[in-house]
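First the structure, in the form of structure tokens, and then the observations on it.
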Amino acid sequence: MRATLIAGNWKMNGSLASNAGLLDDVRAGSGASRAQLAVCVPAPYLAQAQAALTGSAVAWGAQDLSVHDSGAYTGEVSAAMLGDFDCTYVIVGHSERRSYHGESDELVAQKTARALAARLVPIVCVGETLAEREQGATEAVVVRQLKPVLDAVGSDLAKIVVAYEPVWAIGTGKTATPEMAQQVHELIRATLAQRDAAAAQQVQILYGGSMKPDNAKDLLAMPDIDGGLIGGASLKAADFLAIAHAA
Ligand code: PGA
């Protein structure tokens, strides 16, 4: 049985002052959750998350990492640096990185391998745009995005987490129906299984895109939806914990 993972993606939100209360509230409420919990915070707040969450049931992580190990890459943060703050997770290939920062499928795959080499768990995001869905290209896009990742991870497939995030559902309040999401999650698992059937059964596949307390239960009830990557609703402890409790 795969454990359910509810991971917050804070994106570029927060401050030292506002994070303090959010982290404390998530930590305090985490005991009642049977799901695994994690928060992926902006890099400058990793030390704060580490201090607030060490010894708790809540893991933490980052939202991106450099494909390079070290050197003249101004502004970049390496996998080893994330390791210095005891990160468990790092989000890789979020659609906002792909679209605003030009990250290609190949770069996302290389970053996934970097994360694994540093013993971080990559949460690899895939998903189609509205135009791609309307063209009937959802399956082709998701498989195209996954292929270089599968090539890069090789025998480490069981160590990754995949997040299906339809771009048209992110931050828009539009959620894929549980059936629509399940269909793509099933396709993702089948694509993984072509490489390694046993590993494919272990990989947690999260849904992301306007997951909220009121729709989480139905989404999480689907057989191949193993958790959520939560953006907006992860910024309020009560909402984030309500999603965790729905799991
Ligand atoms: P959302 O974001 O929950 O605000 O739609 C999810 C994500 O982008 O990871």
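The values are calculated or read from the model by the stated rules, or taken from the named source; none is laboratory data. Computed from a prediction, not measured in an experiment: that's the story for all the values here. All Cβ positions, glycine included, derive from the backbone under ideal geometry; neighbour counts span all protein chains shown. Heavy atoms of the whole protein, side chains included, go into the accessibility calculation; ligands, DNA and RNA do not. Shrake-Rupley method; radii C 1.70, N 1.55, O 1.52, S 1.80 Å.
Being within 16 Å of the ligand (Cβ to nearest atom) and not β-branched (Val, Ile, Thr) holds for only one residue in 194, 183, 204, and it is 204.
One residue alone among 120, 150, 107 is in contact with a Lys or Arg (Cβ under 8 Å, 6 or more places away or on another chain) and modelled with pLDDT of 95 or more, and that residue is 150. Among residues of segment 1-26 that are in contact (Cβ under 8 Å) with a residue 12 or more places away in the chain and farther than 26 Å from residue 225 by Cβ, those with a Cβ under 6 angstrom from a residue that is more than 13 Å from the ligand (Cβ to nearest atom) and open to solvent by 40 Å² or more (accessible area, probe 1.4 Å), sequence gap 6+ or separate chain, pair up as 19/45.
Does segment 50-69 contain at least one residue that is among the polar types (S, T, N, Q), out of contact with any helix residue (DSSP H, G or I) (no Cβ under 6 Å at 6 or more places or on another chain), in a loop (DSSP other than H, G, I, E, B) and crowded, with 18+ Cβ neighbours inside 10 Å?
yes
Does segment 138-158 contain at least one residue that is within 12 Å of the ligand (Cβ to nearest atom) and within 27 Å of residue 111 (Cβ to Cβ)? Among the residues of segment 138-158, not one is within 12 Å of the ligand (Cβ to nearest atom) and within 27 Å of residue 111 (Cβ to Cβ), which makes the answer no. Checking 163, 244, 158, 216 one by one, the residue that is of a type in the set (A, V, I, L, M), surrounded by fewer than 20 Cβ atoms within 10 Å (Cβ to Cβ) and either part of a helix (DSSP H, G or I) or out of contact with any helix residue (DSSP H, G or I) (no Cβ under 7 Å at 6 or more places or on another chain) (or both) is 158 and no other. Here are some residues: 72, 20, 51, 79. Which one is over 22 Å from residue 208 (Cα atoms), at pLDDT 95 or above, more than 16 Å from the ligand (Cβ to nearest atom) and in contact with a Lys or Arg (Cβ under 8 Å, 6 or more places away or on another chain)? After applying the criteria, what remains is 79. Kindly check whether there is at least one residue in segment 93-101 that is more than 16 Å from the ligand (Cβ to nearest atom) and either part of a helix (DSSP H, G or I) or open to solvent by 10 Å² or more (accessible area, probe 1.4 Å) (or both). No, the conditions are met nowhere in segment 93-101.
For segment 219-233, the set of residues classified as crowded, with 24+ Cβ neighbours inside 10 Å and assigned to a helix (DSSP H, G or I) consists of 219 only.
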